[in-house]
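Novice: Below is one structure. I have some questions about it.
The values are calculated or read from the model by the stated rules, or taken from the named source; none is laboratory data. In this text the structure is predicted, and so the values were computed from the model without any measurement. As a convention, Cβ positions derive from the backbone with ideal geometry for all residues, glycine included, and neighbour counts pool all protein chains shown. SASA here: full protein model, heavy atoms, side chains in, ligands and nucleic acids out. Shrake-Rupley method; radii C 1.70, N 1.55, O 1.52, S 1.80 Å.
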Amino acid sequence: MLELTAREIAIIVGGEVIGQDSLAINGVATLGKAEQNHLSFLSNDKYRSAVISSSARIVLVPLDFSEIPQDNRAWIKCSDSSASFSLITARFAPPPRIPPSGRHPSAVISETAKIHPTAHIGANATIEADVTIGENSIVEAGCFIGYETTAGAGCRFYPNVTIRERTRIGNNVIIHSGTVIGSDGFGYIPDPKGHRKIPQVGNVQIDDDVEIGANVTVDRARFDRTWIKNGVKIDNLVQVAHNVVIGENTFIVSQAGVSGSVEIGKGVILAGQVGISGHVTIGDGATIMGKAGVAKDVGPGETLMGIPAVARSQFWRQTAYIQKLPELAKKIKTLEKEIQALKDQLAGP
Amino acid sequence: MLELTAREIAIIVGGEVIGQDSLAINGVATLGKAEQNHLSFLSNDKYRSAVISSSARIVLVPLDFSEIPQDNRAWIKCSDSSASFSLITARFAPPPRIPPSGRHPSAVISETAKIHPTAHIGANATIEADVTIGENSIVEAGCFIGYETTAGAGCRFYPNVTIRERTRIGNNVIIHSGTVIGSDGFGYIPDPKGHRKIPQVGNVQIDDDVEIGANVTVDRARFDRTWIKNGVKIDNLVQVAHNVVIGENTFIVSQAGVSGSVEIGKGVILAGQVGISGHVTIGDGATIMGKAGVAKDVGPGETLMGIPAVARSQFWRQTAYIQKLPELAKKIKTLEKEIQALKDQLAGP
Amino acid sequence: MLELTAREIAIIVGGEVIGQDSLAINGVATLGKAEQNHLSFLSNDKYRSAVISSSARIVLVPLDFSEIPQDNRAWIKCSDSSASFSLITARFAPPPRIPPSGRHPSAVISETAKIHPTAHIGANATIEADVTIGENSIVEAGCFIGYETTAGAGCRFYPNVTIRERTRIGNNVIIHSGTVIGSDGFGYIPDPKGHRKIPQVGNVQIDDDVEIGANVTVDRARFDRTWIKNGVKIDNLVQVAHNVVIGENTFIVSQAGVSGSVEIGKGVILAGQVGISGHVTIGDGATIMGKAGVAKDVGPGETLMGIPAVARSQFWRQTAYIQKLPELAKKIKTLEKEIQALKDQLAGP
């Protein structure tokens, strides 16, 4: 069984041992669940006191952590305790099995598809005509890649991903299972006999280093493209409608929904279950807090909450006043009585 | 490269040229992104001034658009500029590749399934016993069609759709990738040892001209049927629970959820992320605005907002008052002081 | 055609006939839709008066139902009319077709997978190396089971389920179509060049008697496990993030989302579209009402509503006051005028 000493861990993470170099662990756990033979870590200030009460023999702590460990424990100070913990965790995890280069014989691959020889195409996958898959990219079992789609190098599409025709995908793009890229946008024209479908003849472009979670939907554009730029990270069950543009390094958390033609800047955060109405612009660096509903343009760097969304400070002030409403109503009643009393007094006997 | 003149475009869309007939374009774009060689269109009043500032040489405009184009530009007045734009856009889009009639050899199709010879069954699809697929219907790669399901003519099921047993599907029904039709309703009976599952022995019926987006879930009925009527359009990631009935030509926008046994009328709009509680009735023509939560019956034609949902006008009035709460609280404080002053004055020296 | 008399129904459900034993039905329906030849049932007090107005010849009613049926109708009193109705409904439903033991020849199954001979592996399924599938378990068409995953006895995975590597699944677990188990958690470390992915090297553990709906996502743990305990029931389109722990017999209704490292107790109910922020603890027996947003720990047995969530009674009080705000504002205006009048009066002529 793998064992690592405090000294070895400090070398791996580039940290400093506080306590004995020779103390050792053979596993990892959170502060609350750790046993004596475990390494743990402090990254959220909320858990600062849990470092002392934890059974973990060794704990990765931030540089400003000043408590002294007991004799039988050690800290390792490091500049990013969470990232350092991941480095050690990887040592204890079973090694991932990387799918080999080549095509599984059960995959159905068009003769006109260009699959790089180092790429992997999994069992029961379907690759249509004129698809291009780049170097070292992995298309797992059950994936569907529609005609004329291109994917660059180092991509990974987990099992049962659906990518419709003419999608453009850059390098190092990760797409998780169940996700659908390039489904038709939701658009209709009123018609005497119900509604006519507006053809959705654009496509989806996904740039480099994007990661998209499981069971996400990204609609193709009505025309032109739906565009997800470099470094965007999208969590599970998110909706991205047609013609949306998402700027570099933006984060979209689970179950958020972005309506058609919305333009989102760089470095934006949309938290869980947020909704953005159609044709809205969100400025660079803005943060939309969980469950907020945004129907108007948002300026760069703004932080909004609520439905309809307002500045975070305003939201909390509003919320505080709402919680004081019974008290305000009581005060009004008291004032009414007092005024009546004053009137009576002035009317005099 | 295809080029179209103003005159040619006017003929295609049945519109009138304002400006020179001979001006030509070779592509399409939105007003904001268009270059000189592009056609664009105005459909949202919000962008009216963008027609003049746009570089688009030709713009499709509504009949009441009265600005005069410069010499090197032209408008085409038409009754529905958005629909007209789609007509021209289709000319510039690469032609769609329609899957051919017949069964891909990798598809697993029960001998008792009745597949019309003009229908297409894609690679790695699975068709169970006693399924019927009608004329010109397309079942794409990786789809699953459960036993005794029937689908009419002209349907299209995009890749990786799952349709469980005994579903009834009409004509011209479109279902997008990742969607699940006929999963079990969510129902349990409390039991000393946890909860017993209530068998979900009904099915799902989907009538003609329905379109259902990607990664939607439509549960089968506990008994009888979950019923989606003619012309209903459902966007991505929507939940339709067991025994729900959705009336003709109703729209359900992305991430909305409809609980069990809800009855929705005709021509209703449920906007994005709306939630409807169980056993509620929504009258014909009602509109539920984005993110609203509805727990009571809604009358025909009503427009509701908020959680809990109230009439739209009431919602905005409430919201305005909530935003004025700090000011109201201040006024109360002022009144208290003034009354104290009056009392002091009356108490006299 | 199957016909059942009141007496026969009473024997099946262990109930008591009120009215004539010999009256018979040959189908089932809700009170509102029933015709004369139908059995119906009353379980929701809201529909009590509908028993009398219904055409259903026989109605299953609760023990305290005291109305007397007309001559040509009968009630059957039973302790759980809804469960009793399901028993009879099953008699009229077409029998389910249970997939046979064995492996479909089109399934791609690793030589190192251990599939119990009584288990079913459907068409176009993919089973990776070192997977174990227990007695009588059913893995339907198009499912993907990643390496080293184990599933116990009596499980059913509906078509197109994706279960990633190293998942641990107990006995009698049902997972519906389109659901993804074991996708990577959403975690990144800020980096000068965008964000680095935090490896998600933990797994998912699902204990006995769990049911998970369609198009659900359950992320694997960053390390350790995401853990769904015995008897948990999860509806469609729910998000369960990495390292979440869900206690025994908890219910999570459609479109709810649970953020990373949340710990949910036993017997909890999260209603539809609820959102729980990261690292929160929800006590045993708590109920979170539909659409609520929870960002703080919740005590055992609490019932919360709203965004941010507060006690249910407080929520309704707040809501009532919000709806009275226009009236309160008016009162304040009146008070201001009256005080001005008093001041004027005191200032004297």
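Novice: Counting only residues 5 or more places away or on other chains, whose amide H sits under 5 Å from the amide H of A:Phe41 once H atoms are built in the peptide plane?
Specialist: Amide H neighbours of A:Phe41: A:Leu31, A:Leu60.
Novice: Just tell me how shielded B:26-36 is by partners: mean number of partner chain Cβ atoms within 10 Å of each residue's Cβ, no decimals. Walk me through the intermediate numbers first.
Specialist: Details: counts 0, 2, 4, 2, 5, 0, 1, 1, 0, 0, 0.
Per residue, the average neighbour count from other chains is 1.
Novice: Moving on. Taking the Cα centre of the protein assembly as shown as the origin and placing charges on Cβ (Lys, Arg +1; Asp, Glu -1), which of C:Ile288, C:Ile121, B:Gly272 is farthest toward the positive end of the dipole?
Specialist: The listed residue farthest towards the positive side: C:Ile288.
Novice: Could you work out the mean count of beta carbons from other protein chains within 10 Å of each residue's beta carbon in B:85-93?
Specialist: Working: counts 3, 10, 1, 1, 8, 3, 1, 2, 7.
Mean shielding count: 4.
Novice: Now for a different question. How well do other chains shield peptide A:205-218, expressed as the mean number of their Cβ atoms within 10 Å of each residue Cβ? Intermediate results must be reported in sequence, preceding the final value.
Specialist: Working: counts 0, 0, 0, 1, 5, 0, 5, 0, 9, 16, 15, 6, 13, 2.
Mean number of neighbouring Cβ atoms from other chains: 5.
Novice: What is the dipole size for the protein assembly as shown, taken about its Cα centre, with +1 at each Lys and Arg Cβ and -1 at each Asp and Glu Cβ, in debye to the nearest 20? List each step's numbers first, then the result.
Specialist: Working: 102 positive and 105 negative charges, 423 e Å.
It comes to approximately 2020 debye.
Novice: Quick one: with label points 7 Å out along Cα→Cβ, list the inter-copy distances for B:Gly32 in nm, shortest first?
Specialist: Listed shortest first, these distances are 4.4, 4.4 nm.
Novice: Next up: Taking springs between alpha-carbon atoms closer than 10 angstrom, which of A:Pro308, A:Pro62, A:Pro99 fluctuates most in the Gaussian network model of chain A?
Specialist: A:Pro62
Novice: Taking the Cβ-Cβ separation of B:Arg97 and A:Ile98 as r and a Förster radius of 41 Å, what is the calculated FRET efficiency to the nearest 0.05?
Specialist: Details: r = 33 Å, r/R0 = 0.82.
Step by step, r from the Cβ atoms, then E = 0.75.
Novice: Chains C and B: buried accessible surface, both sides, probe 1.4 Å, rounded to 100 Å²? Don't jump to the answer; show the numbers that get you there.
Specialist: Details: alone 18900 and 18910 Å², together 32730 Å².
Interface between C and B: roughly 5100 Å².
Novice: Next up: In a shell of Cβ-Cβ distance under 13 Å around A:Arg48, excluding A:Arg48 itself, what net charge do Lys and Arg (+1) and Asp and Glu (-1) give? Walk me through the numbers on the way to the answer.
Specialist: Working: positive: A:Lys46; negative: A:Asp45, A:Asp64, A:Glu67.
My count for the surroundings of A:Arg48 gives -2.
Novice: Right, here's the next one. By accessible area of protein heavy atoms, probe 1.4 Å, what ranking do B:Asp207, B:Asp219 get, highest first?
Specialist: On the way: B:Asp207 30, B:Asp219 0 Å².
From most exposed to least exposed: B:Asp207, B:Asp219.
Novice: When ligands, DNA and RNA are left out and all protein chains stay put, how many square angstrom of accessible area per residue does the protein assembly as shown have with a 1.4 Å probe? Walk me through the numbers before you get to the answer.
Specialist: Values: 41730 Å² over 1047 residues.
Per residue, the protein assembly as shown has an accessible area of 40 Å².
Novice: Collect residues whose amide H, placed 1.01 Å from N in the peptide plane, falls under 5 Å from the amide H of C:Thr281; neighbours closer than 5 in sequence don't count.
Specialist: Residues meeting the amide H criterion: C:Glu263, C:Asp297, C:Val298.
Novice: Would you mind pulling out the separation of the Cα centroids of region B:173-207 and region A:227-259, in Å?
Specialist: Computed from Cα coordinates, the inter-centre distance equals 30 Å.
Novice: Can you find, among A:Leu23, A:Val59, A:Ile11, the residue farthest towards the positive end of the dipole of region A:1-85? Put +1 on the C-beta of Lys and Arg, -1 on that of Asp and Glu.
Specialist: The one lying farthest along the dipole's positive direction is A:Val59.
Novice: Counting DSSP beta bridges with both partners in the protein assembly as shown, what percentage is antiparallel, nearest 5? Spell out each step's value before the answer.
Specialist: Values: 36 of 237 bridges.
Antiparallel bridges: around 15 percent, rounded to the nearest 5.
Novice: Would you kindly derive the ³J(HN,Hα) couplings of region A:56-72 from the backbone phi angles with the Karplus curve 6.51 cos²θ - 1.76 cosθ + 1.60 (θ = phi - 60°), listing them in order in whole Hz, with x for Gly and Pro?
Specialist: 4, 5, 10, 10, 7, 10, x, 4, 8, 7, 10, 5, 9, x, 5, 4, 8
Novice: Using amide H atoms built in the peptide plane, which far-off residues or other-chain residues are under 5 Å from A:Ile307 H to H?
Specialist: The answer is A:Gly293.
Novice: Now, a different point. Using a label point 7 Å beyond Cα on the Cα-Cβ vector, give me the inter-copy distances for A:Glu327 in nanometres, one decimal, shortest first.
Specialist: Label point to label point, same position, other copies: 2.2, 2.3 nm.
Novice: Which ³J(HN,Hα) values, rounded to whole Hz and listed in residue order, are derived for region A:94-110 from phi using the Karplus coefficients 6.51, -1.76 and 1.60 in 6.51 cos²θ - 1.76 cosθ + 1.60 with θ = phi - 60°, glycine and proline given as x?
Specialist: Result, ordered by residue: x, x, x, 9, 8, x, x, 4, x, 10, 5, x, 7, 5, 9, 10, 4 Hz.
Novice: Roughly how many nanometres apart are two label points built 7 Å out from the Cα toward the Cβ at B:Arg317 and C:Arg317?
Specialist: 2.5 nm
Novice: What list of ³J(HN,Hα) values in whole Hz, one per residue of region A:203-212 in order, does the Karplus curve 6.51 cos²θ - 1.76 cosθ + 1.60 (θ = phi - 60°) give from phi, with Gly and Pro shown as x?
Specialist: So the J values, rounded to whole Hz, are 9, 10, 10, 10, 7, 5, 6, 8, 10, 10.
Novice: When the dipole is taken about the Cα centre of region C:226-349, and only Lys, Arg (+1) and Asp, Glu (-1) are charged at their Cβ, what size is it in debye, to the nearest 20? Working shown, then result.
Specialist: Working: 13 positive and 10 negative charges, 78 e Å.
In total the dipole reaches around 380 debye.
Novice: Note down the net charge around C:Ile322, summing +1 for each Lys or Arg and -1 for each Asp or Glu among other residues with Cβ under 13 Å from its Cβ.
Specialist: On the way: positive: A:Lys324, B:Arg317, B:Lys324, C:Arg317, C:Lys324; negative: C:Glu327.
Its environment carries a net charge of +4.
Novice: About its Cα centre, how strong a charge dipole does region C:60-202 have in debye, to the nearest 20, once Lys and Arg get +1 and Asp and Glu get -1 at the Cβ?
Specialist: The dipole of region C:60-202 has a size of about 220 debye.
Novice: So which DSSP H runs in chain A come out at 24 Å plus along the axis (Cα) with average Kyte-Doolittle of at least -0.5? Working shown, then result.
Specialist: Details: long enough: A:325-347 (33 Å, -0.41).
Taking the DSSP H segments of chain A (at least 24 Å long, mean hydropathy at least -0.5), we get A:325-347.
Novice: Any idea which of B:Phe251, B:Ile198, B:Val173 is furthest toward the positive side of the dipole for chain B, if Lys and Arg beta-carbons carry +1 and Asp and Glu beta-carbons -1?
Specialist: Selected residue: B:Ile198.
Novice: Plugging the Kirkwood radius over Cα pairs into Stokes-Einstein for chain B, at a temperature of 37 °C and a viscosity of 0.692 mPa s, what D comes out in µm²/s? Working shown, then result.
Specialist: Details: Rh = 24.3 Å.
Stokes-Einstein gives a translational diffusion coefficient of 135 µm²/s.
Novice: Check each of the GluC sites (Glu not before Pro) in region C:108-203 and keep only those in coil by DSSP with at most 10 other C-beta atoms within 10 angstrom; list them in order. Provide the component values of the computation, followed by the final result.
Specialist: Working: sites: C:Glu111, C:Glu128, C:Glu135, C:Glu140, C:Glu148, C:Glu165; in loops: C:Glu111, C:Glu128, C:Glu135, C:Glu140, C:Glu148, C:Glu165.
Those that pass, being in a loop and sparsely packed, are C:Glu111.
Novice: Let me ask something else. Can you tell me the FRET efficiency between C:Glu327 and B:Ala347 if r is taken as the Cβ-Cβ distance and R0 is 41 Å, rounded to the nearest 0.05? Spell out each step's value before the answer.
Specialist: Details: r = 32 Å, r/R0 = 0.79.
After rounding to 0.05, the efficiency reads 0.80.
Novice: Per the 1.4 Å probe, what fraction of the accessible area of the protein assembly as shown, in percent, lies on carbon and sulfur atoms?
Specialist: The computed percentage sits at 51.
Novice: Moving on. Suppose you put the label 7 Å out from Cα in the Cβ direction; list, shortest first and in nm with one decimal, how far C:Ser101 is from each other copy's label.
Specialist: 4.4, 4.4
Novice: Another question, then. Among all stretches of chain B without exposed trypsin sites (Lys or Arg not before Pro) (DSSP loop, at most 15 other Cβ atoms within 10 Å), which one is longest?
Specialist: On the way: sites that count: B:Lys33, B:Arg48, B:Arg97, B:Lys193, B:Lys296.
No qualifying site falls inside B:194-295, the longest such stretch.
Novice: Can you compute the helix-only [θ] at 222 nm over the protein assembly as shown? Use -39500 (n - 2.57) per DSSP H run of at least 4 residues, normalise by all residues, nearest 500 deg cm²/dmol. Please list the in-between numbers first.
Specialist: On the way: 13 runs with 179 residues, N = 1047.
About -5500 deg cm²/dmol.
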